[in-house]
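Trainee: The structure is given below, and queries will be raised subsequently.
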Amino acid sequence: MFSEKTFPDHSACVVPLLFQRVVKTVNMKISRIECISVNVPLKPELRTKTAHGEHVTSPYVIVRVHTDDGLCGLGEATVAPRWSGETSIGCVAAINGLIAPALIGEDATQITRLTAKMNRVIKLNPFMKSGIEMALWDLAGKAADVPVYQLLGGRVRDSVPIKMVVGAFDVERSVALAERFLNDGVRCLKVKVGPNPEEDIERVRAVRNCAGPEIPIGIDANCGWSVTQAGQMLRRLAEFDILFAEQPIPVENLADMPALRRNSSIPIMADESVFTVHDAWQVARSHAADILSVYPGKHGGIQATLEIANIAKAAGIVCSMGSNLELGIATAAMLHLGVAVPAIASELYPGDFIGPLYHEADLLKKPLTLGPSAALVPDGPGLGVELDEVQLERYRDNSTDFRAVSAS
Ligand SMILES: [Mg+2]
């Protein structure tokens, strides 16, 4: 039904190119999985603090998935014991002992099947699985010579607005941080609360006074308030024109979230309450939140994040990109989702595409374009990032000590 006019001589060059891509893709067997523990400190002035504790350094794991045709996919497991119960030592042991034996020899492009295989050999461990899964997406993009966002359906936005985080510090330090961010051109802030209600109020008041009325400000209690405290705090904080209130109460109190939401003029965001697709379904069906905080590490990968975004879409609510302060590779994975998924509504609730800004190093040859008010997705094939071997060696961590970090 197509005339020759519709498809002129281009077919002569297009078809072989597509054919090459397909051939490359179907022969891509996983030959080796490499994982490297790193420990990257936060910049001293940007160390952060939440109701879970202080975040001073990031003992994460960089993943390289090699294929028999010479391609290498990059991943990053931003494991944090106080967040998901995962450690870098445990992550490396699980990859070497369970994941690699299950995946070596498999076709790297079969991401759905390989994710199911990972879930069969070890339960939970979402940040470790996400590190592997994003490397598979990186490989798929490199094999097809397109950015990952193109594999996800293409870009629906050119850039993603971001917000910077003011930790749960005293008023003086919180204001100094807010001033620094605003002077840099940041256009949205998130203030950590939760450890002490009276100090929380004073911190939010001080940051609002410093920012003026135009800057949107969200808060994140990281489960730090009781149900009663949260009800009181949301009423008291309303005068500061709060964009959203993230995880005001503990995960165990999910049954109290719908009433809290109904009685609050501030939109409620679920973060710690949404790790799995099932969690997202429970939150959505019980009308417990207006917004779901999502990111690949927490959910076990890019595909699981898409599934949760679709639950939000079906429920008539939106998602916001969260973070546990990733380095460059995992932030790139977030950016590909951020530009490709309509339900991850950074225009309404700016995302946490910010991890590298807080760290001494991002481990990338070319830094991502992050901030001051928005972030751009890298345009190269796959995740579009290259590992900096010099930085990797500098921050490589061969110790066998458990290191404690908190979540953001
Ligand atoms: Mg949070």
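Trainee: For segment 143-174, enumerate the residues that are farther than 22 Å from F353 by Cβ and among the basic types (K, R).
Mentor: Once the filter is applied, which keeps residues that are farther than 22 Å from F353 by Cβ and among the basic types (K, R), segment 143-174 yields only R173.
Trainee: I would also like to ask the following. From D271, D256, which residue is acidic (D, E) and within 15 Å of the ligand (Cβ to nearest atom)?
Mentor: Numbers: D256 fails: within 15 Å of the ligand (Cβ to nearest atom).
Answer to the selection: D271.
Trainee: Let me ask you something else. Return only the number of the condition from (1) within 15 Å of the ligand (Cβ to nearest atom); (2) in contact (Cβ under 8 Å) with a residue 40 or more places away in the chain; (3) of a type in the set (V, I, T) that I249 does not satisfy.
Mentor: Only one criterion is unmet by I249, namely (2).
Trainee: Limited to segment 216-238, what total is found for residues that are within 16 Å of the ligand (Cβ to nearest atom) and of a type in the set (S, T, N, Q)?
Mentor: Residues in segment 216-238 being within 16 Å of the ligand (Cβ to nearest atom) and of a type in the set (S, T, N, Q): 1 in total.
Trainee: In this structure, is I302 more than 14 Å from the ligand (Cβ to nearest atom), over 18 Å from L383 (Cβ atoms) and crowded, with 24+ Cβ neighbours inside 10 Å?
Mentor: Numbers: more than 14 Å from the ligand (Cβ to nearest atom): yes; over 18 Å from L383 (Cβ atoms): no; crowded, with 24+ Cβ neighbours inside 10 Å: yes.
No.
Trainee: Restricting the search to segment 358-379, which residues are crowded, with 22+ Cβ neighbours inside 10 Å and closer than 22 Å to I215 by Cβ?
Mentor: Selection gives Y358, A375.
Trainee: Give the number of residues within segment 266-282 that are buried (at least 17 other Cβ atoms within 10 Å of the Cβ) and free of Cβ contacts under 8 Å to residues at least 12 places away in the same chain.
Mentor: Within segment 266-282, residues that are buried (at least 17 other Cβ atoms within 10 Å of the Cβ) and free of Cβ contacts under 8 Å to residues at least 12 places away in the same chain number 1.
Trainee: Would you please name the residue that is farthest from the ligand (Cβ to nearest atom), looking only at residues in segment 37-78 that are under 20 Å from K298 (Cα atoms) and of a type in the set (S, T, Y)?
Mentor: For segment 37-78, the residue satisfying everything is S37.
Trainee: Which pairs turn up if I take residues in segment 332-361 that are touching a residue at least 40 places away in the same chain (Cβ under 8 Å) and look for partners that are of a type in the set (S, T, Y) and open to solvent by 10 Å² or more (accessible area, probe 1.4 Å) with beta carbon separation below 6 Å, at least 6 apart in sequence or on another chain?
Mentor: Listed pairs, sorted by first residue: H336/Y149; V339/Y149; A340/Y149.
Trainee: Kindly provide the set of residues from segment 349-383 that are more than 13 Å from I162 (Cβ to Cβ) and in a loop (DSSP other than H, G, I, E, B), ordered by number. It would help to see each step written out before you state the result.
Mentor: First, the residues of segment 349-383 that are more than 13 Å from I162 (Cβ to Cβ): 359-367, 378-383.
E360, A361, D362, L363, K365, K366, P367, P378, D379, G380, P381, L383 - these are the residues of segment 349-383 that are more than 13 Å from I162 (Cβ to Cβ) and in a loop (DSSP other than H, G, I, E, B).
Trainee: Report, by residue number, each residue of segment 266-305 that is among the hydrophobic types (A, V, I, L, M, F, W, C), part of a loop (DSSP other than H, G, I, E, B) and out of contact with any strand residue (DSSP E or B) (no Cβ under 8 Å at 6 or more places or on another chain). Spell out the reasoning first.
Mentor: Start the filter on segment 266-305 by keeping residues that are among the hydrophobic types (A, V, I, L, M, F, W, C), which leaves 266, 268-270, 274-275, 277, 280-281, 283-284, 288-289, 291-292, 294, 302, 304.
In the following step, the residues that additionally are part of a loop (DSSP other than H, G, I, E, B) were identified as 266, 274-275, 288-289.
F275, the sole residue that qualifies.
The values are calculated or read from the model by the stated rules, or taken from the named source; none is laboratory data. Just so it is clear, the model here is predicted, and its values are computed rather than measured. Every residue, glycine among them, receives a Cβ derived from its backbone with ideal geometry; neighbour counts consider all protein chains shown. To get the accessible areas, we keep the full protein, side chains included, count just its heavy atoms, and leave off ligands, DNA and RNA. Shrake-Rupley method; radii C 1.70, N 1.55, O 1.52, S 1.80 Å.
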